[in-house]
Amino acid sequence: MSDTTRSRAILATASRLFATRGYSQTTTAEIAREAGVAEGTLYHHFGSKDGIFLTLFDETMEGYLAGIEGILARGATGRETLSAFARFHFDYVSLRKEQYLILLRDFPIHLTVEHFASGSPQREKLDRITRLFSRILARGKTDGTLHLPFPVRETAEMLRGSFYGATRLKMLDLIQVPFPRLARMTEAYWLKALAPPRLA
């Protein structure tokens, strides 16, 4: 088994166990045993259980950020880009339910303190989401397809909070609406709220 194969096996096993048992209830010994590797191999690749969690976070966020950048690169209007983003967000999450359940349900408090301070790589990924979302809104404000009564950055932060909250409640099974409909609902409300007067 190559190093890459071992690493992927550890991540896949840890993701499954974290999702089914919870982060705090899963041990490195269990992960190693079910991944078919020695526990020392796990520590060699990731340093700790926290290292595995942070790797899952980084990989999930990198794919998400690449998706938003791809949407922006298409050069559509701000309104069209906002629509595409709403659909992309819920599609991406629905295809990675296991990872998002872990991130939104189990994030260890000590990692939040240690790894989400200003300037940390993990905080930078989260801040990039807001910056990219701001670019979508700024595009719509510039091209006249979106009306923003509040500053772009503040609007991006508020809307980001709305879809983060909806996503978290969905992952915790507190929202019963299927992902595709949740995407359409979010898209419809965003477009209605930000429609220029002539489109409202």
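Of 11, 103, 51, which is farthest along the charge dipole of region 1-160 in the positive direction, counting Lys and Arg as +1 and Asp and Glu as -1 at C-beta? Farthest along the dipole direction, towards plus: 103. Angle of helix 97-106 to the longest C-alpha principal axis of the chain, folded into 0 to 90 degrees and rounded to 10: 80°.
Shown is the FRET efficiency for residue 158 and residue 50, computed with R0 = 41 Å from the Cβ-Cβ distance and rounded to the nearest 0.05: 0.85. Once the chain from residue 176 to residue 124 is taken as fully extended at 0.36 nm per residue, the excess over their C-alpha distance is 15.5 nm. Expressed as a whole percentage, what fraction of the accessible surface of region 1-117 belongs to carbon and sulfur atoms when a 1.4 Å probe is rolled over the protein heavy atoms? Accessible surface attributable to carbon and sulfur in region 1-117 totals 52 percent.
The alpha carbons of region 56-200 give a radius of gyration and a Dmax of 15.4, 49 Å, in that order.
Lysines within cross-link reach of residue 141: Cα-Cα under 30 Å, excluding same-chain residues under 8 positions apart? Partners found: 125, 192. Using just its DSSP H runs of length 4 or more, each adding -39500 (n - 2.57), the chain gives a mean residue ellipticity at 222 nm of -25000 deg cm²/dmol after division by all residues. With protein chains left intact and a 1.4 Å probe, residues in region 1-134 average 46 Å² of accessible area per residue. Note that region 1-53 carries a Kirkwood radius of 10.6 Å, evaluated over its alpha carbons pair by pair.
The values are calculated or read from the model by the stated rules, or taken from the named source; none is laboratory data. Keep in mind that what you see is a predicted model, and the values were worked out from it rather than measured. All Cβ positions, glycine included, derive from the backbone under ideal geometry; neighbour counts span all protein chains shown. Surface accessibility is based on the protein's heavy atoms, side chains included, excluding ligands, DNA and RNA. Shrake-Rupley method; radii C 1.70, N 1.55, O 1.52, S 1.80 Å.
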